[in-house]
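First comes the structure, then the notes that go with it.
The values are calculated or read from the model by the stated rules, or taken from the named source; none is laboratory data. The shown structure was predicted, so the numbers you read here are calculated from the model rather than taken from an experiment. For neighbour counting, all protein chains shown are included, and Cβ atoms are generated from backbone atoms with ideal geometry for every residue, glycine included. Protein only, heavy atoms only, side chains kept; ligands, DNA and RNA dropped before computing areas. Shrake-Rupley method; radii C 1.70, N 1.55, O 1.52, S 1.80 Å.
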Amino acid sequence: MTSTTRLTRRGALRTLSALPAAGIVAALPRIARAAEFSYKYGNNLPLTHPLNIRAQEAADRIAKETKGRVEIKIFPNNQLGGDTDMLAQVRSGGIEFFTPSALVIATLVPVAAINAVGFAFNDYNQVWSAMDGKLGAHVRGAIAKSRLYAFEKMWDNGFRQTTSSKAPVTNAKDMDGLKIRVPVSPLSISMFKGLGAAPASLQFSEVYSALQTKIVDAQENPLPIIQVAKLFEVQKFCSLTNHIWDGYWFIANGRAWEALPDDLKTIVARAINDAGMQQRDDIKKLNDSVVGDLQAKGLTINRPVADSFRAKLRESGFYGEWKGRFGPEAWALLEGAVGKLA
């Protein structure tokens with residue numbers, strides 16, 4: 001040990017001895033403390049998706065505003081399993097947060113699928129009026145009965161559009177006999193049957209090859225998914241039918257949410273709801289840019305009017321059937337936002 005080292009240590013000891021107790025604590029090296037509430041959040045989207053970008057911003061904000069008491073770790077891209085697995089995990093407490101689409105959570109809470117009624121919404125103004133208003137509150141109440149907490153603001157998944165290798169879909173008659181892939185969803189199958197199409201339920205991983213080999217001629221998805229999955233390579237036409245709007249409910253395990261003190265609940269809810277509003281803007285801008293990109297890649301874009309499709313669904317009994325399934329209260333709240341359907 002050198003004389004310099006001894007002098008430095010002695011000087012440090014003399015400095016500490018001269019400090020009051022509070023000063024000694026402040027002068028000591030800080031040791032990182034584990035978060036009081038450490039939560040896992042799972043989803044099925046890649047890190048680059050606006051949902052994950054905004055969720056990470058919310059997690060950073062929550063850590064800062066709670067002074068490290070609440071930590072949210074994000075597990076994207078189905079790292080924790082598929083949608084069904086994660087829904088079961090968030091119910092049991094294996095994970096604390098999850099963002100299922102309305103169609104996914106509808107397997108547990110059937111009324112949650114009401115936003116996916118065919119051709120219900122004309123535009124985003126009607127969507128947010130309904131889902132930020134009385135209809136959204138009704139669905140959140142139903143979700144709460146399943147031991148889950150749904151945050152106030154839904155996140156956007158987008159309107160679903162129709163692509164085909166045969167011809168553009170310009171009105172309801174163009175759906176007659178159309179072999180179209182749809183998700184494994186009773187509501188989607190019922191809607192396309194009501195339009196006279198021949199829907200086939202396939203997992204998304206099978207869509208490209210099914211289109212390529214002509215097992216089906218058409219499919220429907222939000223524009224960013226059509227782009228990312230390169231469906232323009234096996235389709236010629238893209239009709240902006242806007243036939244279904246779907247979004248993500250940001251949900252929490254009920255017990256974990258109740259365990260948070262009220263002041264921390266306020267911080268977490270505000271950060272997540274604000275991030276959801278920003279993600280909505282992100283998706284809107286993304287959709288605007290995707291149309292041009294898909295056109296540049298060879299897809300012919302057209303914009304059909306919804307009237308003939310609604311008339312066909314009315315005539316086929318689709319709206320009447322689903323009014324009965326969802327119940328008069330939920331249906332009245334939907335029609336209060338979008339106008340008469342059934």
Restricting the search to segment 48-64, which residues are open to solvent by 50 Å² or more (accessible area, probe 1.4 Å) and touching a residue at least 12 places away in the same chain (Cβ under 8 Å)? Ile53, Gln56, Glu57, Arg61
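From the set of residues in segment 56-105 that are aromatic (Phe, Trp, Tyr) and in contact with a helix residue (DSSP H, G or I) (Cβ under 8 Å, 6 or more places away or on another chain), which is farthest from Pro261 (Cα to Cα)?
Just the residues of segment 56-105 that are aromatic (Phe, Trp, Tyr), to begin with: 75, 97-98.
Restricting the remaining residues to those that are in contact with a helix residue (DSSP H, G or I) (Cβ under 8 Å, 6 or more places away or on another chain) gives 97-98.
Details: Phe97: 17, Phe98: 21 Å.
If we take residues in segment 56-105 being aromatic (Phe, Trp, Tyr) and in contact with a helix residue (DSSP H, G or I) (Cβ under 8 Å, 6 or more places away or on another chain), then Phe98 is farthest from Pro261 (Cα to Cα).
The rows are residues; the columns are (1) surrounded by fewer than 22 Cβ atoms within 10 Å (Cβ to Cβ); (2) in contact with a helix residue (DSSP H, G or I) (Cβ under 8 Å, 6 or more places away or on another chain); (3) in a loop (DSSP other than H, G, I, E, B).
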residue: Phe232; (1), (2), (3): yes, yes, no
residue: Gln235; (1), (2), (3): no, yes, yes
residue: Ala252; (1), (2), (3): no, yes, no
residue: Lys265; (1), (2), (3): yes, yes, no
residue: Asp274; (1), (2), (3): yes, yes, no
residue: Gln295; (1), (2), (3): yes, no, no
residue: Ile301; (1), (2), (3): yes, yes, no
residue: Gly324; (1), (2), (3): yes, no, no
residue: Ala342; (1), (2), (3): yes, yes, yes
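Thr163: open to solvent by less than 50 Å² (accessible area, probe 1.4 Å) and in contact with a Ser or Thr (Cβ under 6 Å, 6 or more places away or on another chain), yes or no? Show your work before the answer.
Working: open to solvent by less than 50 Å² (accessible area, probe 1.4 Å): yes; in contact with a Ser or Thr (Cβ under 6 Å, 6 or more places away or on another chain): no.
No, not satisfied.
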For Leu260, all conditions in the list (1) at pLDDT 95 or above; (2) of a type outside the set (S, T, N, Q); (3) surrounded by fewer than 16 Cβ atoms within 10 Å (Cβ to Cβ) hold save one; what is the number of the exception? (3)
Residues to consider are Lys173, Lys153; find the one that is farther than 19 Å from Ala112 by Cα and either touching a Gly at 6+ places or on another chain (Cβ under 6 Å) or at pLDDT 95 or above (or both). Lys173
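Scan segment 131-160 residue by residue and report those that are of a type in the set (Asp, Glu) and crowded, with 23+ Cβ neighbours inside 10 Å. Explain how you work it out, then say what you get.
Applying the first criterion (of a type in the set (Asp, Glu)) to segment 131-160 yields 132, 152, 156.
Hit for segment 131-160 is Asp156, nothing else.
Report yes if some residue within segment 44-53 is part of a strand (DSSP E or B) and either over 17 Å from the mean Cα position of the chain (by Cα) or at pLDDT below 95 (or both); otherwise report no.
First, pick out the residues of segment 44-53 that are part of a strand (DSSP E or B): none.
No, segment 44-53 contains no residue that is part of a strand (DSSP E or B) and either over 17 Å from the mean Cα position of the chain (by Cα) or at pLDDT below 95 (or both).
Within segment 266-280, which residues are polar (S, T, N, Q) and touching a Lys or Arg at 6+ places or on another chain (Cβ under 9 Å)?
If we filter segment 266-280 for residues that are polar (S, T, N, Q), which is where we start, we get 266, 273, 278-279.
If the condition is that a residue be polar (S, T, N, Q) and touching a Lys or Arg at 6+ places or on another chain (Cβ under 9 Å), then Asn273, Gln278, Gln279 are the ones that fit.
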Report, by residue number, each residue of segment 190-207 that is open to solvent by 50 Å² or more (accessible area, probe 1.4 Å) and either modelled with pLDDT under 95 or under 21 Å from the mean Cα position of the chain (by Cα) (or both). Ser201, Gln203, Phe204, Ser205, Glu206
